[in-house]
1. So for segment 52-202, taking the charge dipole from beta-carbon charges (+1 Lys/Arg, -1 Asp/Glu), which of Trp188, Asn174, Pro59 sits furthest toward the positive end?
2. Could you give the Stokes-Einstein D for segment 2-204 in µm² per second, using the C-alpha Kirkwood radius, 37 °C, 0.692 mPa s?
3. Counting each DSSP H run of 4 or more residues in the chain as -39500 (n - 2.57), what helix-only mean residue ellipticity at 222 nm follows after dividing by all residues, to the nearest 500 deg cm²/dmol?
4. According to a simple spin-label model (label point 7 Å from Cα along Cα-to-Cβ), what is the distance in nm between Thr237 and Lys369?
5. Expected output is a single nm value to one decimal: the length gained when fully extending between Glu179 and Ala84, i.e. 0.36 nm times separation in residues minus the C-alpha distance. What is it?
6. Which value, in debye to the nearest 20, gives the size of the charge dipole of the chain about its Cα centre, when Lys and Arg are +1 and Asp and Glu are -1 at the Cβ?
7. What length, rounded to one decimal in nm, is gained on full extension from Glu282 through to Asn139, with 0.36 nm per residue of separation minus their alpha-carbon distance?
8. Exactly which chymotrypsin sites (Phe, Trp or Tyr not before Pro) in segment 214-302 are in a DSSP loop and have at most 15 other Cβ atoms within 10 Å?
Amino acid sequence: MKKILLTIIVSIAVIIAVNAQEITQLGNVLNREKISLNGDWNYIVDVQEEGYYDYRMNPTPWGFFRNAKPQRPEDLVEYDFDKAATMQIPSDWNTKDDRLFFYEGTVWFKKSFQYTKKPGKRAILYFGAVNYEAIAYLNTQILGIHEGGFTAFNYDVTDIIKDGENVVIVKVDNKRRKENVPTQIFDWWNYGGITRDVYLVETDDVYIQNYNFDLDKTTKNQIYFSINLNTKSAGKTVEISIPELKIRQSFTSNRNGVIEGMLTAKNLTLWSPENPKLYDVELKLGASVLKDQIGFRTIETQGKKILLNGKPIFLRGISIHEEKTNGGGRANSTEDAKKLLSMAKELGCNFVRLAHYPHNEYMVREAEKQGILVWSEIPVYWTIDWKNPGTLLNAKRQLTDMILRDQNRANVIIWSIANETPHGNDREKFLAQLASHARSLDSTRLISMAMEVLSAANYHNKLQDNMNKYVDVISFNQYIGWYRDVNDAPKMTWEIPYDKPVIVSEFGGGAKYGLHGAKNQRWTEEFQENLYKENVAMLDKIDGLAGTTPWILKDFRSPRRVLDGVQDYYNRKGLFSDNGEKKLAFYILQDWYKKK
Ligand code: GCB
């Protein structure tokens, strides 16, 4: 009875405590004062969630979050983090432990660290991303439950962190579920784990939570900004300086802890792919200075054109998954980004579609430095559980977090809200809400989604999607020559009956690197080469074509791709093999892009 009572009390405490310290995602974490908690973490694979549920499937107060140790010789504790193996974090467990290659389930991670509390400072525990569900604890206290494998989340742990040893424990669960975003099926590897950086960020008591700077589209020299403090503190002064533009001005927060205003820049060099100019920007609040590098540009549409800095641009793009080469698993570093982006640059790209979920911040920042424009996307992919309000909330949150992290990146020009979703009222209601949510958070960028055309009547493809009115750019995926209409590309005509720019967000076909044969022989490089030849010729006839992001830069792992000897759990539509070798189709696209 005593134990039952205790269970109830602890469960209630657990429920009350959940999310108590969760705060809105901090902007610009990479440039904040922080301690890295990357490195070795102990981990325990917990197939039946023994560390979370008791044998009646109720959450147990004696779970692994307690990091228990036997106190007396007779004590029974059936786990020991300190004896468990370690894994380098950030990483995915699938490529770090052979036993976990196909594993989808729960793994517990634990990290101990020393800390000295600093008077007047706040401590914020930040996770760049954990796939898919994370339940985080500090010193046995639950911090919250986070869903979604590709967005950041953080907790103010000032009142929980202590002097001396601290213990972070995270229960990570990557089981696929119908109601999740993405849902149960998707064509990429479900890499599990703490896949991005973990930091302990130190801030003043009142600090800059996030901010954004936007260049006025008409004047192109007025910069509107807004800065959010973490509290509703009025009368706080933030000094903004952009030394190269000779800007140094102070502004005061209103009673919502928000500072809004406008700066006038003389002789501003606009950010562009040809000249990806970034300015050092400093935001000073009290003794703390938050630095960033920000580029200024405008992006808009005019009829069927996309205008960057007021001039039409053709987006020579490529789709990319967040995966290292050579079977290396999830990418998450500047080096990884450099490698993938150098392959895209060799193709002649000025644009990348970071599919199908928000990629890590290094990727976006490196692309920005290199002058590569970005399409950023949330994993609202295929058969989402459209009627489920929790699913909508989850998708909205992922959208919010994607935008909050990258709202100051000049290279990000498109927020994509979905990929290849089946038409119907529920889907449209759901996506309309996402589109208006994205617009309410960021009215300066373009909104799009990857639509589909699945068949042609008399070789005539007409795009029809009720979502057309919600997006700025009409994008669609088409697989003529691969999933449909092999050899028919030359006969195909296209009609996109909307006065908006068009991006073909996917096309392509598979080839195994080094497999040669006739051009009608599936899986050969020649087949893929011919498919690209016919597709680019066909695309040239699309009215209003403003860009393409063929599928895909390199072969990537997918559990759906089981054909032995050819796929071997890789989607082979890459223009490069997984090892970075170029297939013949690479040269077709490269040539086409030279002419664009
Ligand atoms: C698609 C999906 C993409 C797949 C690709 C394929 O339409 O958007 O995620 O990987 O097709 O290879 O079938």
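1. Looking along the dipole axis, the top candidate is Pro59.
2. Translational diffusion coefficient: 185 µm²/s.
3. Dividing the helical sum by the residues of the chain leaves -5500 deg cm²/dmol.
4. 3.5 nm
5. 30.9 nm
6. Dipole size: approximately 1060 debye.
7. Length gained between Glu282 and Asn139: 48.0 nm.
8. The qualifying sites: there are none.
The values are calculated or read from the model by the stated rules, or taken from the named source; none is laboratory data. What you see is a predicted model, and the numbers here were worked out from it, not measured in a lab. A quick note on method: Cβ atoms are made from the backbone with ideal geometry, for glycine too, and the neighbour counts reach across all protein chains shown. SASA here: full protein model, heavy atoms, side chains in, ligands and nucleic acids out. Shrake-Rupley method; radii C 1.70, N 1.55, O 1.52, S 1.80 Å.
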